[in-house]
1. For the ranges 112-125, 61-74, what's the packing order if you count other beta-carbon atoms within 10 Å of each residue, average per peptide, and put the highest first?
2. Sorting check: for 233-239, 146-152, which peptide has the highest mean count of neighbouring beta carbons within 10 Å, and how do the rest follow?
3. Just how large is the dipole of the stretch 98-249 about the Cα centre, in debye to the nearest 20, putting +1 at every Lys and Arg Cβ and -1 at every Asp and Glu Cβ?
4. Which stretch or stretches of the stretch 99-117 have amide N atoms under 18 Å from the point lying 7 Å from Ile61's Cα along the Cα→Cβ direction?
5. For the stretch 89-100, what does the Karplus curve 6.51 cos²θ - 1.76 cosθ + 1.60, with θ = phi - 60°, yield as ³J(HN,Hα) per residue in whole Hz, taken in order and with x for Gly and Pro?
6. List the pairs from Lys133/Lys234; Lys133/Lys240; Lys124/Lys234; Lys124/Lys242; Lys57/Lys137 whose alpha-carbon separation is above 32 Å, in the order I gave them.
7. By the scheme Lys and Arg +1, Asp and Glu -1, what is the net charge of all other residues having a beta-carbon under 11 Å from that of Pro58?
8. Any chance you could run the full-extension gain for Gln113 through Arg39? It's 0.36 nm times the residue separation minus the Cα-Cα distance, nm to one decimal.
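Since every read-out is calculated from the coordinates, none of them should be taken as a lab result. As the structure is a computational prediction, the values presented were derived from the model and not from experiment. So basically every Cβ, Gly included, is an ideal-geometry build from the backbone, and we count neighbours across all protein chains shown.
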Amino acid sequence: MKEIPKFRGLLVILLAAVLVPFAAFSAKGTSYAVEQPDRITGIHRAYIYGYPDGTVKPLGILTREEAAAIFNRLLEGCDKWAVEQKERKFSDISPDRWSYREISELAGVGILQGYPDGSFQPEKPITRAEFAKIASKISSKFEVNAPSFPDTPNHWCADPIRTAVGRGWIRSFGDGTFRPEEHILRCEGMMLINDALDRRVNGQGLTHQVIRWGDNPVNEWYYEIVQEASNSHKYERVDKPKSTERWVE
């Protein structure tokens, strides 16, 4: 089912800062006094739109086409995204499908791939390995040394997984494994993306005028994660790592 904006007016807000390099939607100032850190302001654009019935399905499984739509939205507005795109067609994606443009654009520049039989399988749940491969291609952010994982040494996506982990786009599990073939919940995907892009808000930072979803109750651990991902907003915060936002519009 296609994700659509609940209130389209919130989704036409243009980015105030360029994504550089594909890793943050913020404009950063310079700090001159340790005791009084600068405040930064910026705009975060929603990359989750929700469904026609007013739900956002945080506990639903993220599909391949939903992941394509999310990453395409994150790249929109970025200067580096203005590249020549070759038309890429898949046997199971018709031009009238809601995700056709997003899939075609990402596939056209080599970020997405289909299967050997020419299909894309848009409704198939995306695996952690597939998510990592997409993420490894959209960011040239500084890469830290990522460890190898005991369950990925001979995996087809071993190198992209290490790259994505090193750039902070996805994490391993507490036991040190990566579990490349496991699926990702929608709220988990939002959590990973928010963390990679330094997007975080708490209940005190939210404005009153936000899109609220019937299946995203305030007492759930993912409530603020979903709100951050699904509301376009102007924010300010103290200029320090991992500081939370205060939405001002």
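1. Values: 112-125: 15.4, 61-74: 22.0.
Ranking, from highest mean packing down: 61-74, 112-125.
2. Values: 233-239: 18.1, 146-152: 15.4.
My ranking of the peptides, most packed first, is 233-239, 146-152.
3. Values: 19 positive and 22 negative charges, 79 e Å.
Charge dipole, the stretch 98-249, about its Cα centre: 380 debye, nearest 20.
4. Only 115 fall inside the zone, counting backbone N under 18 Å.
5. Calculated HN-Hα couplings, in order: 10, 10, 5, 10, 10, 9, x, 8, 6, 4, 9, 4 Hz.
6. Values: Lys133/Lys234 30 Å; Lys133/Lys240 29 Å; Lys124/Lys234 34 Å; Lys124/Lys242 34 Å; Lys57/Lys137 27 Å.
Beyond 32 Å between Cα atoms: Lys124/Lys234; Lys124/Lys242.
7. Numbers: positive: Lys57, Arg186; negative: Glu188, Asp215, Glu220.
My count for the surroundings of Pro58 gives -1.
8. Values: separation 74, 0.36 × 74 = 26.64 nm, distance 4.08 nm.
So the extension gain works out to 22.6 nm.
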